[in-house]
Amino acid sequence: MKRLVFTVHAQERLGGRKVGEDLVVSAISRPDFVVVRGDESEAYKRVAEKLLKVVYVEKESFIRIITLYWVNGDEAKDKV
């Protein structure tokens with residue numbers, strides 16, 4: 001797997017949303033599904049009753065993590 005580079009925003013979200021880097025790695029390497037929107041990809045990973053969304057951009061030698069958050073409500077229903 002390519003090296004992960006977290007933006008400052010994504011680093012803040014790790015702590016604020018109580019998400020470990022290992023879960024981000026899992027979401028990107030083994031997502032339940034991925035949505036591609038232009039250059040950005042959205043990896044979705046179900047964790048218990050929640051759905052983690054990781055927005056990232058894949059570059060030649062690394063993956064830049066832009067943001068991550070728990071999805072719920074209508075957005076989650078549309079994805080599963």
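The values are calculated or read from the model by the stated rules, or taken from the named source; none is laboratory data. Since the structure is predicted, the reported quantities are computational estimates derived from the model, not experimental observations.
Taking the criterion of being over 10 Å from the mean Cα position of the chain (by Cα) and aromatic (Phe, Trp, Tyr), would at least one residue in region 38-57 satisfy it? No: zero hits. Residues in region 52-76 that are farther than 16 Å from Ala10 by Cα, of a type outside the set (D, E, K, R) and at pLDDT below 95: Asn72, Gly73, Ala76.
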